[in-house]
1. Apply the a/c threshold of 1.5 to the C-alpha gyration tensor of segment A:328-483 and tell me whether it is rounded, prolate or oblate.
2. Cα centroids of segment A:164-241 and segment A:572-623: how far apart, whole angstrom?
3. What Kirkwood hydrodynamic radius, in Å, does segment A:80-227 give when the mean of 1/r is taken over all pairs of distinct Cα atoms and then inverted?
4. By DSSP, what percent of the beta bridges with both residues in the protein assembly as shown are antiparallel, rounded to the nearest 5?
5. Once you sort the root eigenvalues of the Cα gyration tensor of segment A:216-295 as a ≥ b ≥ c, which label holds: rounded (a/c under 1.5), prolate (a/b larger than b/c) or oblate (the other case)?
6. Tell me, A:341, A:494 in order of fewest to most beta-carbon neighbours within 10 Å?
7. Taking the DSSP beta bridges in segment A:1-125 as the whole, what percent of them are antiparallel, to the nearest 5?
8. If a/c stays under 1.5 just call it rounded; otherwise compare a/b with b/c (prolate if a/b is bigger, oblate if not). Do that for segment A:515-656, with a ≥ b ≥ c from the square roots of the Cα gyration tensor eigenvalues.
């Protein structure tokens, strides 16, 4: 029988934890979500001799207080899933701050291995570290590593097995100097365990004002009032706990870590002098982002044509292969379901190229600087600095835009950004808009096109404020972020990152898209192949009373519904209904619609429901039907309200002329 | 001289005196190394957010946070 060892990988953000994870497990990993959360969960496996080591990558956290979802996930996993071993990845060059997390983990678990990563940076800083002495003082095994170069990985695996077999680690206890007495008093009032949490840990967390622990103890303990008295005696208890932990760390590091009198100036600081400069930094950021945007979409255009031809050929082959089927299911598969799958597949180059750049930005450490530089601008839109890149890339296409929101740590910030992201007009929407504006306002088309961008920013601003206040009920998280040292990305890690994102996108978004596309095809082809009397146009007519105040006819409404599959499809649907395309379609529309209606239609199609591929991506990223449905209905209601108000303002002003 | 972090000049050094705000905010800052008594160096100033060096780390702090941290700044030659 193989022995299974459960290992949890913990650590601060930016310590190379995912590098350690990827180097250890390679392609032998899978990505999902933590149950009911939008936070990514990664599990990987190592096979060694008679052992199967299962490694769960915990979210990167600075602490285990319940201040963020990530911290809660990490501590609940440690307590509830009871891993055999916790590997704590540390940045050797930032030991003082990194050991803070250790001080909390030690109160939950004994079998901890310290993976001392980034030993090369420690050296370049000219710090001297006595690893043996550190081991002795903490009574914990320490493995020095340079994970990006693959150094120390085998030693870590061997140590995991050794600790699993011996199971006799008794680490040094964390001391809280003058708070120790209060902690003991609280401990005496606590049972051995509160749920699964050991009492010392609970006592410390109560003093730290941990909201979840306080709720739990309030419910479960009779002596709560006595405890409450102890923890509320001093207002500054949380910061006293933090200070005491740092004092304990200082004591541990005394004699272990030696820093040079004069700090070596790191090249990171030399670069940052310019890159984070209020003027130079902004110029560098703009050049970089514009270049990435340009390269992403122009490289994609190069590859997408041959890819689409290939997908067409496969579609035709499929249709030949399925000739044994009756016409309806055959066309459903080839024109409906397959078209959806092909649409998602056609995103492959775009996602690959963009995530290549994103991985590089993230791995070099530049992404954090970009967030710093753009924080002021984004703040005026009511958003976090990290929202900049997802929003910019959305101008090309919302799909990678939504995927890029994963760089935001806070779950609420992320979902909010996902929802308002789709107000950014992507290229297909601008194509539809250009057609209408060109037909109705040939002289002012360009100027009116600019109003679309203004309206999209206004919508982001209004929705950001509104949703934050009414739906998420959070104030904006202030910028508080570490700027990691610049690093040269490891090609293997970058490739794994792209592969991981692409795989989950194709699988999960592909499934949703196949379904949506099949459904729309059925609606457009029931009861007959004629779109004019199809169910789709019936639905279009059903909504007519709602949209006729805007001057929309059923043809426009039907076009909007089919535009859900892909925004540019609304034009081809109009062509199918009117039986004309291009200029002729334009002439018919000129007779059928007023200019105000045409402009309102353009605005509505700009703001309403994101396209099906984006919806599928939203589902993939949020892992929640609830939020996906919310994103759809919110944008629909917002688009309707906005267009309605705009329409009547325009009607009012035109009556004055 | 005690100043708010946001009022410090680029390149100035000092010691954190206290942090004004709720328990959660103070704890969050403490977890990232900003505790009373700690040495702090203002590395970069932008239109709002700042970058400080503290406990070997470079931290970016938003305007609001930088307003709530009080620092005893090392004496300068010229004082105004």
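Quick note: the coordinates plus some simple rules give every number you see, no bench work behind them. None of the values given here were measured: they were computed from a predicted structure. All Cβ positions, glycine included, derive from the backbone under ideal geometry; neighbour counts span all protein chains shown.
1. Numbers: a/c = 1.82, a/b = 1.29, b/c = 1.41.
Oblate.
2. Measuring centre to centre over Cα atoms gives 60 Å.
3. On the way: mean 1/r = 0.0582 Å⁻¹.
So the Kirkwood estimate lands at 17.2 Å.
4. On the way: 40 of 61 bridges.
Of the beta bridges lying entirely in the protein assembly as shown, close to 65 percent run antiparallel.
5. Values: a/c = 4.00, a/b = 1.80, b/c = 2.22.
Since a/c reaches 1.5 but b/c is at least a/b, the shape of segment A:216-295 is classed as oblate.
6. Numbers: A:341 22, A:494 18.
Going from sparsest to densest Cβ surroundings: A:494, A:341.
7. Numbers: 12 of 30 bridges.
Once the DSSP bridges in segment A:1-125 are tallied, antiparallel ones form about 40 percent.
8. Working: a/c = 2.05, a/b = 1.18, b/c = 1.73.
Oblate, because a/c is 1.5 or more while a/b does not exceed b/c.
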